[in-house]
């Protein structure tokens, strides 16, 4: 039997998930209300288009609704799991769009040069629109570290693709990824201290 | 394993966490990870950094219709669960037949108030068109008074001797929409549905020439109608 909305609102995410697994729409609605904004924001950040972000978000939440029982609390929070579902869907969406590569937020002329002019124009517009979006922990990173992390996490590029784009050795790309994550992690640890 | 050998895995670890390894590299790394406590510890240590990335993006407000469409689909799906289970027990009725009805219901997609092109409705009210996409087919129901017009696009040409037939489910009973659907050269077809009151699902099946009294095959496209 479905729990009432008020009761669901008092439950932690981890308590809602078993209810979602039993197809409780109220529990799912509470989950969406808590995390829908972050999910849509992440989808928009990756796909760079509101209609596409809407489609990706809907697909991701429906996937969560249908596979809620697969959530494993031992592997992280509900929110991080949910956002990872959104991220994967968004990257899949980008990859499914033949010829439409992910947008970049950096002044990465080498990467842009490899794309047709129409795409460059689109990307330029998107890039300007979203300039300055990167903030928080990643915004404090040195540019070259932020760039490789952005391209990998938000762009869905592999380390070898990034190396090719930036004309860097793969080891350098992986090294910058590690240094960047270490710095973010260090700042988070300092914040907790 | 000595420290030098391990450096390779340390180098790959951040790329692994950022999803930047190829599938083969992921498989190789995970085989190593399974037996390496040092890397397992590093993965755990890096996890909060990774989790901070999606939180770092600028907040966007999702459109209200996203919530409305999502919950319409979820509620239709939730309602379908006990009905399908009940049908399985009783083995009665085409729509509730496990092999067909349950799969159709689980796949039901309702996009309430979906904006069609520019200038569409933002509100998601009952008078807004409903649109669903399934099997590459787009089905749109445009309300008109008590009924509506059902539009289908991206249809394949039908085999000889076949037509498309639309069905509505009202209070658990399946009713045929009188006019059969025949795709035109552009793969489009439409038919009127005189009365949509109480209808919770619209679906289309492929039927023999002349239509059928009841659906004989799986739905090629199904739409849940929010109540």
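The values are calculated or read from the model by the stated rules, or taken from the named source; none is laboratory data. Every value quoted in this text rests on a predicted model; they were computed, and no experiment measured them. Note that we place each Cβ from the backbone using ideal geometry, even for glycine, and neighbour counts take in every protein chain shown.
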Among B:166, B:192, the single one that is more than 21 Å from residue B:134 (Cβ to Cβ) and either part of a strand (DSSP E or B) or modelled with pLDDT of 80 or more (or both) is B:192
**Asked** Is there a residue being free of Cβ contacts under 8 Å to residues at least 24 places away in the same chain and within 8 Å of chain B (Cβ to nearest Cβ) anywhere in the stretch A:144-159?
**Response** yes
Expected single match for within 29 Å of residue B:67 (Cα to Cα), in contact (Cβ under 8 Å) with a residue 12 or more places away in the chain and in contact with a helix residue (DSSP H, G or I) (Cβ under 6 Å, 6 or more places away or on another chain) among B:153, B:219, B:166 is B:219
Within the stretch A:49-65, the residues that are assigned to a helix (DSSP H, G or I), farther than 26 Å from residue A:5 by Cα and either more than 13 Å from the chain's Cα centre (by Cα) or in contact (Cβ under 8 Å) with a residue 60 or more places away in the chain (or both) are A:50, A:51, A:52
How many residues of the stretch A:8-48 are part of a loop (DSSP other than H, G, I, E, B), more than 8 Å from chain B (Cβ to nearest Cβ) and touching a helix residue (DSSP H, G or I) at 6+ places or on another chain (Cβ under 8 Å)? The answer is 2
Within the stretch B:130-177, residues being within 17 Å of the chain's Cα centre (by Cα) and under 18 Å from residue B:226 (Cβ atoms) number 8
The condition of being in contact with a strand residue (DSSP E or B) (Cβ under 9 Å, 6 or more places away or on another chain) and crowded, with 17+ Cβ neighbours inside 10 Å holds, among B:191, B:216, only for B:191
Matching residues in the stretch B:12-42 (within 12 Å of another protein chain (Cβ to nearest Cβ), part of a helix (DSSP H, G or I) and buried (at least 17 other Cβ atoms within 10 Å of the Cβ)) number 8
